[in-house]
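S.K.: Below is a structure I'd like to ask you about.
Please treat every number below as a calculation from the coordinates, not as lab data. Please read these numbers as outputs of a predicted model, since none were measured by experiment. With ideal geometry, Cβ positions are generated from the backbone for all residues, glycine too; neighbour counts draw on all protein chains shown.
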Amino acid sequence: MRLGQLPLKNLTRRPGRTAALVLLTAFLALCVFGGSVVVRSLRSGLDSLEARLGADIIVMPATAESKVSFKNMLLQGTTGAFYMDGSVLDRVREVEGVAVAAPQTFLASLKADCCAVKVQVIGIDPEVDFTVKPWIDRSTTRALGDMDVAVGCDVTADVGEDLRIYDLNTHVVAKLAETGTGLDTAVYCTMDTMRTLLAAAEAKGVTHKITSETDDLISAVYVKVAEGYDVGAVNNALNGHVRKVTAVRSRSMFTDVSDSLTGISRTVSLLIGAVWALAFIILLIAFGMMANERRREFAVLRLLGASRGMLARLMLAESALCSLAGGLIGVGAAAVAVFPFATLIETRLGLPYLTPPAGTILALAAGTVLATLLVGALSSAWSAWRLSRTDVGITLREGA
């Protein structure tokens with residue numbers, strides 16, 4: 001039998017010990033890969049949300065938070081609506097430092113006979129919108145027309161189908177890319193379509209009336225600050241210049257989300273570090289015990305002509321085989337535990353969650369397997385070095 005066949009033969013000869021080593025490295029790989037994917041998905045979700053918003057400041061009615069959490073609408077897809085006079089848009093544009101101001105109007109549909117699904121409907125002005133329209137343009141070259149809608153990726157309607165909202169059929173012309181947030185369950189239309197839907201909702205008994213100087217109702221104004229102006233100063237100016245509204249910096253709105261993400265990342269990193277250290281110590285002890293058990297075996301191999309380097313490589317090869325098997329099993333187990341339950345993880349954590357692209361996933365998987373191989377190599381290196389320097393004669397006389 002060739003020396004190169006010994007690693008696999010030795011492992012199969014002691015299946016219990018081999019299974020224990022494989023399971024230990026698999027647990028390490030599961031924690032490293034699963035934790036890395038979750039943290040990366042949370043970071044991708046937050047980055048996607050900030051990119052989709054695209055606004056420095058969001059202006060809402062002062063009473064908005066008492067009716068529905070705007071943040072929950074964005075993060076978790078909670079439906080809701082609040083309104084203010086359309087003339088607010090002109091007053092926002094008058095404030096120095098405002099480069100672009102784009103209105104949006106919200107309407108919560110009902111999951112009843114009047115509506116196909118319960119969704120958040122958002123009306124935009126395609127002429128000035130800079131938050132949603134760029135994402136719509138990536139999905140279709142067709143402009144939103146009368147009763148046309150663009151839907152988030154989680155809405156159960158495909159391009160070309162009709163979506164019934166308050167007994168009116170809207171035509172789906174675009175399906176937007178995933179963001180990992182509540183925006184994936186939203187439906188977008190023009191302001192003209194929104195006025196038609198508001199009237200249909202009123203006919204169904206859903207009241208949206210406010211004291212308004214015009215017939216135009218808007219729910220929020222998204223503001224991009226001109227270059228050279230301080231966002232905080234413009235935000236304060238909006239709160240002082242426009243009555244009965246609250247201007248909020250979009251980044252500060254998600255400060256607690258970012259803080260939660262940082263806390264989760266730190267916890268996961270500590271967990272991975274603890275598992276790494278524990279696995280290293282246990283493997284170090286395990287390989288040390290294996291080395292003591294196999295002193296006579298290695299002495300016999302030396303007598304048969306095996307060099308010290310060959311014996312060291314033999315033990316490192318056994319470690320590599322266990323670590324490779326454990327790494328692949330751990331990555332597979334983590335994939336089964338994480339990917340099918342992405343929506344549940346997002347709901348439980350209450351944070352935006354967007355699974356990274358396939359290339360990133362493969363890179364994380366490869367890095368995890370390499371990490372388990374490194375742990376196995378380091379933990380067996382000392383035992384391999386000691387065995388390679390064992391005196392053959394003394395070892396054989398001890399066993400006589």
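S.K.: According to a simple spin-label model (label point 7 Å from Cα along Cα-to-Cβ), what is the distance in nm between V206 and W382?
M.R.: Inter-label distance under the simple model: 6.7 nm.
S.K.: Another question, then. When the Kirkwood radius is taken over all Cα pairs of the range 138-180, what Stokes-Einstein diffusion coefficient follows at 25 °C and 0.890 mPa s, in µm²/s? Walk me through the numbers on the way to the answer.
M.R.: Details: Rh = 10.7 Å.
D, rounded to a whole number, is 230 µm²/s.
S.K.: What are the residues whose amide H is under 5 Å from the amide H of A220, where those residues sit 5 or more places off or on another chain and H is modelled from the backbone?
M.R.: The list, which skips near neighbours in sequence, is Q104.
S.K.: A further question on this structure: State the extension gain, in nm to one decimal, for the chain segment bounded by T63 and A358, taking 0.36 nm per residue of separation less the distance between their alpha-carbons.
M.R.: Numbers: separation 295, 0.36 × 295 = 106.20 nm, distance 4.30 nm.
Here the segment from T63 to A358 would lengthen by 101.9 nm.
S.K.: How far, in nm, would the chain grow between D192 and H241 when pulled straight, counting 0.36 nm per residue and subtracting the alpha carbon separation? Display every interim value, and only then the final one.
M.R.: On the way: separation 49, 0.36 × 49 = 17.64 nm, distance 2.83 nm.
14.8 nm is the gain from fully extending D192 to H241.
S.K.: Please go through the residue pairs K204/K244; K175/K204; K118/K204; K133/K224; K111/K175 and name each one whose alpha carbons sit more than 24 Å apart in this structure. Intermediate values should be presented prior to the final figure.
M.R.: Values: K204/K244 29 Å; K175/K204 28 Å; K118/K204 15 Å; K133/K224 15 Å; K111/K175 21 Å.
From the list (K204/K244; K175/K204; K118/K204; K133/K224; K111/K175), the Cα-Cα distance tops 24 Å for K204/K244; K175/K204.
S.K.: To make sure I understand, if each residue's beta carbon is the centre and we count other beta carbons within 10 Å, what order do Y188, Y83 fall in, fewest to most?
M.R.: On the way: Y188 27, Y83 22.
Placing the least packed residue first, the sequence is Y83, Y188.
S.K.: P(r) tail for the range 108-186, what percent of Cα pairs lie past 17 Å? Spell out each step's value before the answer.
M.R.: Values: 1265 of 3081 pairs.
Result: 41 percent of Cα pairs exceed 17 Å.
S.K.: Right, here's the next one. When all C-alpha to C-alpha distances in the range 82-150 are sorted into bins of 10 Å, what percent of pairs does each bin hold, rounded to whole numbers?
M.R.: Calculated P(r), rounded to whole percents: 16, 40, 33, 10, 1.
S.K.: Let me ask something else about it. Using packing as a proxy for protection, rank 181-187, 129-135 so that the peptide with the highest average count of other Cβ atoms within 10 Å comes first.
M.R.: Result, highest mean first: 181-187, 129-135.
S.K.: Another one. With θ set to phi - 60° and the Karplus curve 6.51 cos²θ - 1.76 cosθ + 1.60, what are the ³J(HN,Hα) couplings of the range 236-247 in order, to the nearest whole Hz, using x for Gly and Pro?
M.R.: 3J(HN,Hα) across the range 236-247, in whole Hz: 5, 5, 5, 5, x, 8, 9, 7, 6, 10, 10, 9.
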